[in-house]
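The values are calculated or read from the model by the stated rules, or taken from the named source; none is laboratory data. Since the structure is predicted, the reported quantities are computational estimates derived from the model, not experimental observations. Cβ placement follows ideal geometry from the backbone for every residue including glycine, while neighbour counts extend to all protein chains displayed.
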Amino acid sequence: MFVFLITTPDFMKIAAAPPCNNVVASLTPCLGFIKGGAAPVAECCSGARNLAGQVSGEEDRQAVCECLKGVLPRIGPYDPNRVPLIGQDCSIDISIPPIDASTDCST
C-alpha cells in the first residue's frame with residue numbers, strides 16, 4: 001500500500017498583490033474626491049473597502065502605491081494629499097500615502 005502526501009509549497013499559499021487594473025477599478029469612483037471634490041461618494045468607500053480586503057501586507061501596499069503612482073498623473077490635476085484621506089473619510093484601515101511622481105512606495 002502506498003500513501004501519497006500532497007503538500008502545497010509555501011510560495012503558492014501567498015496571495016498575490018491586487019493587479020493594477022483591480023486597484024484602478026476599485027478607486028475609479030474616488031476620482032472626483034481626489035481631484036478636489038466633496039467627501040468620497042458611497043461607491044468610492046465601497047471600492048476602497050474592497051481594495052483594503054485585497055491588501056494583506058507591506059508588499060501588497062507597495063504594489064497599490066506603485067500602481068497609483070503610475071496611474072494618477074494620467075487623470076489630470078489632482079491633490080496628492082487627498083489620497084490618504086480616502087481611508088480616513090471612509091473609516092477604512094488602509095494606509096496609502098500622498099502619491100505623486102516623487103513618492104517612494106518602498107517606505
Any idea which residue in the stretch 83-107 is surrounded by the most Cβ atoms within 10 Å (Cβ to Cβ), counting only those that are touching a Ser or Thr at 6+ places or on another chain (Cβ under 9 Å) and either free of Cβ contacts under 8 Å to residues at least 40 places away in the same chain or not in a loop (DSSP other than H, G, I, E, B) (or both)?
Gly87
Every pair of residues 6+ apart whose Cβ atoms lie under 9 Å, when the first sits in the stretch 70-82 and is free of Cβ contacts under 8 Å to residues at least 24 places away in the same chain while the second is assigned to a helix (DSSP H, G or I) and surrounded by 13 or more Cβ atoms within 10 Å (Cβ to Cβ):
Pro80/Ile34; Pro80/Leu72
I'd like the full set of residues that are small (Gly, Ala, Ser) and either without any contact (Cβ under 8 Å) to a residue 40 or more places away in the chain or under 14 Å from Gln88 (Cα atoms) (or both), limited to the stretch 22-40.
Ala25, Ser26, Gly32, Gly37, Ala38, Ala39
Enumeration of residues in the stretch 27-82 that are out of contact with any Lys or Arg (no Cβ under 9 Å at 6 or more places or on another chain) and of a type in the set (Val, Ile, Thr):
Thr28, Val41, Val64, Val71
Please pick out the residue among Ala52, Ala42, Ala25 that is surrounded by 14 or more Cβ atoms within 10 Å (Cβ to Cβ), farther than 17 Å from Asp104 by Cα and at pLDDT 95 or above.
Ala25
Restricting attention to the stretch 20-59, which residues are assigned to a helix (DSSP H, G or I) and hydroxyl-bearing (Ser, Thr, Tyr)?
Ser26, Thr28, Ser46
